[in-house]
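J.: After the structure tokens below, expect a handful of questions from me.
Read-outs throughout are calculated quantities, based only on the coordinates presented, and are distinct from any laboratory measurement. Quantities reported herein were computed from a predicted structural model and do not represent experimental measurements. Glycine gets a Cβ as well: all are built from the backbone with ideal geometry, and neighbour counts include every protein chain shown.
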Amino acid sequence: MTNMLPESSRAPVGVDPNRASIARVYDAFLNGKDNYEVDREVLRSVQAKAPEAQDLAVENRAFLIRACRFLASHVGIDQFLDCGSGLPAAENVHQVVQRINPDARVVYVDNDPVVLVHGQALLEENDNTRFIAADIYKPDEILSNAVVRKHIDFTRPLAFLQMGTLHHFVGDEDGPAKIMQTYIDALPSGSYVAMSHFLDPEDEHTPLARKMEEIFLHSMMGSGSFRTLAELQALMPGLEMVDPGIVKCADWWPDGPRVRPLNEVQHCIAGGVGRKP
């Protein structure tokens, strides 16, 4: 269900309702209400080539929830740094992990103006949830941020999340790898990294992946690269991967047995969790 109010009357300060936003496009993919016609147009254009396109966002969100549940319950991680948190959905990181451990700390990072509005509301939810407005592609700024340093203890293991973010990096081809290397170098031993990313599965589903990539890159959003498994593995350097490694999101410890085959789109997004020795 989408918000049908006149766009000029509901756009927060700093928001251009005529230009697609990564966070709002994801919101549209998840049937959220915080998106504009230009964001829904990106969804419709991808759906024209891939009717199940929304499963990119659905699988990404489901993987995020399962990974956070694993880290909070089985591993016992109690502090989470979520880069590119996006707009609130049905299950957010702090809700998932604080249900398991009410003392778990979560710091969200995003710089989308619409996300900022919602982020301020999170500050009122509980003392263990914080939000900072910053560019996740500038790791040195994130790692030195006063709020991050106050609420995340870098002398103890933490969970670092990059979910559905790196495929939107625009710039040097080596940029995502350099960004991840900087973040991983800063993490204490015993920390975990969880990442999801659009996937070129290098099989019969590759043509669809490349068609979707073409639409994303030439849309008003202007980003959305599909990388191969080898390229994704290069984004998790030096980590001990939790079994089964980087796989299709739908295959990473699903909630129960599969009762129907994956559709084409579900083959085109992957994720994994790794531990820093």
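J.: Could you please give the count of residues in the range 31-57 that are under 17 Å from the mean Cα position of the chain (by Cα) and surrounded by fewer than 19 Cβ atoms within 10 Å (Cβ to Cβ)?
T.: 2
J.: What residue, among those in the range 101-120 that are free of Cβ contacts under 8 Å to residues at least 60 places away in the same chain and either touching a strand residue (DSSP E or B) at 6+ places or on another chain (Cβ under 6 Å) or crowded, with 17+ Cβ neighbours inside 10 Å (or both), is nearest to residue 31 (Cα to Cα)?
T.: If we take residues in the range 101-120 being free of Cβ contacts under 8 Å to residues at least 60 places away in the same chain and either touching a strand residue (DSSP E or B) at 6+ places or on another chain (Cβ under 6 Å) or crowded, with 17+ Cβ neighbours inside 10 Å (or both), then 119 is nearest to residue 31 (Cα to Cα).
J.: If you scan the range 18-38, which residues turn out to be touching a residue at least 40 places away in the same chain (Cβ under 8 Å) and assigned to a helix (DSSP H, G or I)?
T.: Across the range 18-38, the qualifying residues are 22, 23, 24, 25, 26, 27, 38.
J.: Could you grab me the full set of residues in the range 22-55 that are within 22 Å of residue 90 (Cα to Cα) and of a type in the set (Ser, Thr, Tyr)?
T.: Correct list: 26, 36.
J.: Has the range 121-135 got at least one residue that is of a type in the set (Gly, Ala, Ser), in contact (Cβ under 8 Å) with a residue 24 or more places away in the chain and more than 28 Å from residue 59 (Cβ to Cβ)?
T.: Checking the range 121-135: not a single residue is of a type in the set (Gly, Ala, Ser), in contact (Cβ under 8 Å) with a residue 24 or more places away in the chain and more than 28 Å from residue 59 (Cβ to Cβ).
J.: Any residue in the range 215-230 that is within 25 Å of residue 272 (Cα to Cα) and touching a residue at least 60 places away in the same chain (Cβ under 8 Å) sitting within a Cβ distance under 9 Å of a residue that is in a loop (DSSP other than H, G, I, E, B) and of a type in the set (Val, Ile, Thr)? List the pairs, counting only those 6 or more apart or interchain.
T.: Hits for this filter: 223/170.
J.: Quickly run through the range 191-214 and pick out the residues that are assigned to a loop (DSSP other than H, G, I, E, B), over 20 Å from the mean Cα position of the chain (by Cα) and touching a residue at least 12 places away in the same chain (Cβ under 8 Å).
T.: 202, 203, 205
J.: Which of the residues spanning the range 244-261 are free of Cβ contacts under 8 Å to residues at least 60 places away in the same chain, under 14 Å from residue 195 (Cα atoms) and part of a loop (DSSP other than H, G, I, E, B)?
T.: Scanning the range 244-261 gives 244, 245, 246.
J.: It is to be established whether one or more residues within the range 248-261 are within 30 Å of residue 149 (Cα to Cα) and surrounded by 23 or more Cβ atoms within 10 Å (Cβ to Cβ).
T.: no
J.: Would you check if residue 137 is surrounded by 21 or more Cβ atoms within 10 Å (Cβ to Cβ), touching a Phe, Trp or Tyr at 6+ places or on another chain (Cβ under 8 Å) and not in a helix (DSSP H, G or I)?
T.: Taking the combined requirement at face value, the residue does not satisfy it.
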